[in-house]
1. Among the residues of segment 68-124, write down those that are at pLDDT 60 or above, assigned to a loop (DSSP other than H, G, I, E, B) and acidic (Asp, Glu).
2. Pick from ALA45, ALA53: which is modelled with pLDDT of 90 or more, open to solvent by less than 10 Å² (accessible area, probe 1.4 Å), assigned to a helix (DSSP H, G or I) and touching a helix residue (DSSP H, G or I) at 6+ places or on another chain (Cβ under 8 Å)?
3. Could you check how many residues of segment 22-31 are surrounded by 13 or more Cβ atoms within 10 Å (Cβ to Cβ) and either touching a residue at least 24 places away in the same chain (Cβ under 8 Å) or part of a helix (DSSP H, G or I) (or both)?
4. Give the residues of segment 1-21 that are open to solvent by less than 40 Å² (accessible area, probe 1.4 Å) and assigned to a helix (DSSP H, G or I), sorted by residue number.
Amino acid sequence: MQHPDGEAQAEFPSTLDAMAELLEWFEQKRPGGLDDMVWIQAQTALMEGFTNAVRHAHGLLETPPVVGVTLSLVGSQLRLGIRDHGAPFDLEALWREQVTQGEEPLGLDGLPERESHWGLIILRRLQRDYGWSIRYEPLAGGGNMLLLEGPGGGS
């Protein structure tokens with residue numbers, strides 16, 4: 001669905017088998033003039049956020065609901081939203097906890113062995129190295145929104 005304000009919105013089944021459909025939709029909604037590197041970063045964040053919604057937020061739900069995705073270019077900011085229906089989760093607190101426990105989620109040296117940390121590493125690097133704003137917020141009606149905003153740039 002395309003909104004009048006330029007925001008593209010869609011829902012996808014909460015299964016990793018929906019990844020190809022998600023990526024096809026995403027590619028069709030790519031804003032014109034967007035820097036290729038920013039688009040690759042956004043696609044990476046999309047895959048990671050969707051995987052986290054399916055595996056973690058919806059993983060224990062008997063009948064997982066759909067995952068909502070929004071994409072828009074507002075001014076010079078590319079905005080990507082991924083809505084799940086899981087329990088609230090404090091992403092910033094987990095990043096802080098990793099640092100205090102001596103885990104380095106920001107670099108390639110000494111990566112944690114647990115697969116669940118890879119997504120945190122990817123998102124944190126987008127934030128630290130490429131200027132993305134990343135928030136994971138509970139929604140008033142239930143569920144959460146992973147909101148990622150990156151520089152739109154021009155190619």
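1. Correct list: ASP90 only.
2. Working: ALA53 fails: touching a helix residue (DSSP H, G or I) at 6+ places or on another chain (Cβ under 8 Å).
Answer to the check: ALA45.
3. 6
4. Of everything in segment 1-21, those that are open to solvent by less than 40 Å² (accessible area, probe 1.4 Å) and assigned to a helix (DSSP H, G or I) turn out to be ALA18, MET19.
The values are calculated or read from the model by the stated rules, or taken from the named source; none is laboratory data. It should be emphasised that the depicted structure is a prediction, and the values quoted were computed from it without experimental measurement. Using ideal geometry, Cβ is built from the backbone for each residue, glycine included, and neighbour counts are taken over all protein chains shown. The accessibility values were calculated without ligands, DNA or RNA, using every heavy atom of the protein model including side chains. Shrake-Rupley method; radii C 1.70, N 1.55, O 1.52, S 1.80 Å.
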